[in-house]
1. Would you work out if region 97-194 is rounded, prolate or oblate? Take a ≥ b ≥ c from the square roots of the eigenvalues of the alpha-carbon gyration tensor; rounded if a/c is under 1.5, else prolate when a/b is larger than b/c, oblate otherwise.
2. Would you mind computing the Rg to Rh ratio of region 132-176 from its alpha-carbon coordinates, Kirkwood style for Rh?
3. For region 44-89, what is the largest minus smallest coordinate of the Cα atoms on each principal axis, given in angstrom and ordered from greatest to least?
4. Given R₀ = 25 Å, what would the calculated FRET efficiency be for Lys233 paired with Ser175, taking r from the Cβ atoms and rounding to 0.05?
5. If you line up the long axis of helix 108-136 against the longest principal axis of the chain, both from Cα atoms, how many degrees apart are they, to the nearest 10?
6. Please work out the C-alpha center-to-center distance from region 113-133 to region 143-173 and express it in whole Å.
7. Once label points are set 7 Å from the Cα along Cα→Cβ at both Ser18 and Met1, what is their separation, rounded to one decimal in nm?
8. Please build a GNM for the chain, connecting alpha carbons under 10 Å apart, and tell me which residue among Leu145, Leu12, Leu74 fluctuates the most.
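Throughout, read-outs are computed from the coordinates displayed, never taken from laboratory work. In this text the structure is predicted, and so the values were computed from the model without any measurement. With ideal geometry, Cβ positions are generated from the backbone for all residues, glycine too; neighbour counts draw on all protein chains shown.
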Amino acid sequence: MTNSMAILSDALHDLGDSLSLGLAWFLQKFSGKEQSYHFSFGYRRFSLLAALINSIVLIVGSIFILTEALPRLLNPEQPHAGGMIVLSILGIIVNGAAVFRLKGGASMNQKVMSWHLLEDVLGWGAVLIVSVLMLFWDLPILDPLASVGITLFILYNVIRKLVQTMRLFLEGVPSGVDLDSIVQKIYTIQGVQSSHHTHLWSMDGENHAFSTHIVVRAEATKAEIGEIKKQVKEILAPIQLEHVTIEVEYEDEGCSLTKSSRSLNDE
């Protein structure tokens, strides 16, 4: 209707976000189910699955837009500036309302969708500026330039979010958490001789899980072990943990796990 690549660029991203929002809503609800025999940790990682799918949808859409917009840089066509202004204002209103609705979401899925929608608001704002300029000046090159700029900006940020999501899928240590510092603090607890098989990972970018093996002296009492566990949990208090496992081993017994699964500070 407007012969505008910038409009098409934002419209395609809005279409992708609309489809992704439905999928994200479904998987976000599904991820809140209680644990089962098949998924003993619950279904929180399905929220990550939605974030992964949404990122891939936007990357594919961005690549398609670039293949359409780049040739227009060599042969720009005059779009309908008036129609662009109307659609861009509508895009700002609709996406702005969606951003407000998702404001404050804590899971990775919600953060990804909120960021996508905020990008769309900025994109429609850029289209509005470009369309106003073309309404008064004959500058058709601005349309494909805006399309390429918007698409590259969105592509860059989506890839960054995709890397974060993949890190969670691969059970990396949550960003902003210093696992080595936690281990060193555990070593300062009176009665702790060593620790090993220490692991920290995230369920969905919001709720995390922690496990470790603590070695104590052979004569340690039940009260001493209870105090050690209490202090370990105090060290972990700043982290939003949903699962904490602390296995206590006496110095005169070996670890039940094999060397192939050794972890941080085993040596």
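1. Here region 97-194 falls in the prolate category.
2. A ratio of 1.37.
3. Computed over the Cα atoms, the extents are 48, 27, 7 Å.
4. Details: r = 22 Å, r/R0 = 0.89.
E(calc), rounded to 0.05, equals 0.65.
5. That helix lies at roughly 20 degrees to the long axis.
6. Centre-to-centre (Cα) distance: 16 Å.
7. 1.2 nm
8. Answer for the Gaussian network model of the chain: Leu74.
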